[in-house]
Amino acid sequence: MTQLVGLIPLLPLIGFLIIGIFGKQLSKGIVGAIACGSILGSFLIALAVFFQVKSSESHSITITLFDWISSGKLHVAFSFLIDPLSALFLLIITGVGFLIHVYSVGYMHEDEGFSRFFAYLNLFVFFMLILVMGSNYLLMFVGWEGVGLCSYLLIGFWFKNTAYNNAAKKAFILNRIGDLGFLLGILLIFITFGSISYAEVFSQAKFLGVDKPVITTITLLLFVGAMGKSAQIPLYTWLPDAMAGPTPVSALIHAATMVTAGIYMIARSNILYTLAPVSLEVVAVVGVITSLFAASIGLFQNDIKKVLAYSTVSQLGLMFLALGVGAYSTGVFHVMTHAFFKALLFLGAGSVIHAMSGEQDIRNMGGLKKHLPVTYMTFLLGTLAISGIFPFAGFFSKDEILAHTFEHNKVLWVLASLASAMTAFYMFRLFYLTFFGNFRGTKEQEHHLHESPKSMTIPLIVLAVLSVVGGFIGVPEIFHAPHLLEGFLAPVFADSEMKTLPTHMNEGTELTLIILALAIAIAMIYFAYDRYVKKENLPADEDEEINPAQKLVYNKYYIDEFYNAVITKPVDWLSDKFYRFMELRFVDAIVNGIGTSVNWGSRTLRLIQTGSIELYLLIMVLGIAVLLFIK
Amino acid sequence: MQTLQTVPINMYILLSAVLFSIGVFGVLLRRNAIIIFMCIELMLNAVNLLLVAFSTYLGDADGQVFVFFIMAVAAAEVAVGLAILTMIYRNTGSVDIEVLNKLKN
């Protein structure tokens, strides 16, 4: 079994190499088969690994491939850590990844960059697997950077469009800003603990006291990295722009996997965070504020993918909130359920866009229920899941987050509930405007409306099933059934559990909270139904006048413009100054000066070549004389 | 052999040096290529003379053996040199070395 673990990231890597090098010469069928096959292979091995971890006594296995860096006091091995947390993430990544690969075979079929797409997708899965399987912070960072790179490549996939390239650059740059914090955190970990491997760092950290400044700094720096990668305030602006990429990319990278890397990192470092309650508070507050902020923007967006993008930012905020109140396994639970229903929603949106011949504005949709029955049904299930309706997956994970937040801090609970309410509203707004009512598009589009091919609808169905039943692995106590996920992940968070006081919620309180949340969600759904179906309200057209408050939210609170004015313009000005002074006058002068002086030297030396033989003979004789007299 | 040894070795050294200097100056100052070759031969022969003188004076035959080598090399070199000179004359119509300045910048 341990030998096979190395295959998990290796298969996608081989897929990438084969498709990358030979892609143009292979047929689309073969490329698709190799790409999907490699992920399927990884999934099957991950499944076997999962069962082994579940049943084995020792909950973590470390498999070392080779000694990577050995320099001075730094010893880093290229080794994988398989424990419940990484096993779970492996399943999510390869499972959902496989479904999205299959979907992409249908979605990208007409595209001329078909093989390039799958090469990048496989490379992405490889790096993501390295990220979650690494047994030290450096390997995690390698994966971290790698997925950032693949995100850039895939967002700017249709590179002939400058706007898409700018979106890709924006994503990469904002990620890098976060990465600076992450790297500083890793360096500080090395200085403090003398090692960057999880086993050594965590075993030392266990014995430390709470609220040491060094640990707080480390955790805050690591969180800066998470802010960039997982799109929290202030580094979230890249995610809505990232919708420029093909929809399967949005589903895989910007919903199910890459953006969850920040949560994985914090869950992995849970002991460090437990020792720094200040950082946890920061994480929770940033999470809930991001959640509320993004949800408010989502209320007014008209592009089907942008709504989902802001929804993702909002849900990620809730995951960070869960981590911030110390409920680590809850955060991971929500990662899992979110992967299911958000991937489902994105793929469904892709199906809609495919049917609408590329249209993404929901103001031009409507009445798609009868034309796209499977997409309609699965999208409905996904929307119910994200709104937290019982018994779908989102209900269980969201309820757990709200319950733990309530225990911790009532104000945060109010804000989180508000964000959840808004989520239900804007998601159903999206749903009703897309699938109900009369068709508002052009005659051309109406003519082409068709349900998507099997390669696209089957993953939708599978994900819908997971969104429906996926929550049952984490039922709350009041149902008197075991919380399977929490039990499974317990060994990973055991040290943190020991340091904090155990909390136990009153059964009555928990039931009240559940019913309250459900009631609010159902009320929001009804409100949306009333507004958009019964009263047939439509969002305003581009040129219509809207009141100033709505305009502010619709324009995303002008945050992009703010960053532009405060950060981009000064940096541009500075770089221009540097260019004029340093580059032109200084560096160029030196480099050109070297060229000029070589020219001058050669011109001077050339004068020796007079062509006159007498001179040559004279010099020869003089030279011999000199040689003779100098011993 | 006795009479030869009554001439002091200095005379031979002086003669050889003078011949050699005449050869050097001839190489440097003359314009006719054939004269230059002759001056080169003059230099070689000056050295030959010196070697033979010392070989007799010291009673060591090595010097005379070396002279044979020098003569063989000189002959070969003259053969090649005159062949080149002939080609130059055929191409440029003159043996004046100032004509051969095509490498001038």
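The values are calculated or read from the model by the stated rules, or taken from the named source; none is laboratory data. The structure displayed is predicted, hence computed values, not measured ones. Virtual Cβ from ideal backbone geometry, glycine too; neighbours counted across all protein chains shown.
Taking into account only those residues within region B:55-95 that are of a type in the set (Ser, Thr, Tyr) and within 14 Å of chain A (Cβ to nearest Cβ), which is nearest to the chain's Cα centre (by Cα)?
Among them, the one singled out is B:Ser94.
Just need a number here: residues in region A:483-531 that are in contact (Cβ under 8 Å) with a residue 12 or more places away in the chain and among the acidic types (Asp, Glu).
4
Filter region A:596-613 down to residues that are surrounded by 10 or more Cβ atoms within 10 Å (Cβ to Cβ) and either in contact with a strand residue (DSSP E or B) (Cβ under 8 Å, 6 or more places away or on another chain) or more than 11 Å from every other protein chain (Cβ to nearest Cβ) (or both) and give me whichever is nearest to B:Leu28 (Cα to Cα).
A:Gly601
Quick test of your reading of the structure: A:Asn564 fulfils all but one of (1) within 60 Å of the chain's Cα centre (by Cα); (2) within 14 Å of another protein chain (Cβ to nearest Cβ). Name the failing condition by number.
(2)
Working carefully through the options A:Tyr616, A:Tyr557, find the one that is within 14 Å of chain B (Cβ to nearest Cβ), assigned to a helix (DSSP H, G or I) and surrounded by 11 or more Cβ atoms within 10 Å (Cβ to Cβ).
Going through A:Tyr616, A:Tyr557 in turn, the sole match is A:Tyr616.
Which condition from (1) more than 14 Å from every other protein chain (Cβ to nearest Cβ); (2) surrounded by fewer than 14 Cβ atoms within 10 Å (Cβ to Cβ); (3) not aliphatic (A, V, I, L, M) is the one that B:Glu98 breaks?
Only one criterion is unmet by B:Glu98, namely (1).
When only residues in region B:35-54 that are within 16 Å of the chain's Cα centre (by Cα) and over 25 Å from A:Leu617 (Cα atoms) count, which is farthest from the other protein chains (Cβ to nearest Cβ)?
The extreme case among them is B:Val52.
Scanning for something touching a residue at least 40 places away in the same chain (Cβ under 8 Å), polar (S, T, N, Q) and within 14 Å of chain A (Cβ to nearest Cβ), does region B:18-34 turn up at least one residue?
Yes, because at least one residue in region B:18-34 is touching a residue at least 40 places away in the same chain (Cβ under 8 Å), polar (S, T, N, Q) and within 14 Å of chain A (Cβ to nearest Cβ).
If you check A:Arg440 against the conditions, is it surrounded by 17 or more Cβ atoms within 10 Å (Cβ to Cβ), in the same structural domain as A:Leu308 (by TED's automatic domain parsing) and basic (Lys, Arg)?
No.
If a residue has to be out of contact with any Gly (no Cβ under 9 Å at 6 or more places or on another chain) and under 30 Å from A:Pro84 (Cβ atoms) to count, how many in region A:498-542 make the cut?
Number satisfying all stated conditions: 13.
Kindly indicate whether any position in region A:357-370 is part of a helix (DSSP H, G or I), aliphatic (A, V, I, L, M), farther than 21 Å from A:Val288 by Cβ and in contact (Cβ under 8 Å) with a residue 24 or more places away in the chain.
Checked against the condition, which is being part of a helix (DSSP H, G or I), aliphatic (A, V, I, L, M), farther than 21 Å from A:Val288 by Cβ and in contact (Cβ under 8 Å) with a residue 24 or more places away in the chain, region A:357-370 yields at least one hit.
Looking at region B:1-18 only, could you name the residues that are modelled with pLDDT of 95 or more and either touching a Ser or Thr at 6+ places or on another chain (Cβ under 7 Å) or buried (at least 17 other Cβ atoms within 10 Å of the Cβ) (or both)?
Residue satisfying the conditions is B:Ser16 alone.
Quick check on B:Phe37: is it part of a helix (DSSP H, G or I) and without any contact (Cβ under 8 Å) to a residue 12 or more places away in the chain?
Spelling it out, it is not the case that B:Phe37 is part of a helix (DSSP H, G or I) and without any contact (Cβ under 8 Å) to a residue 12 or more places away in the chain.
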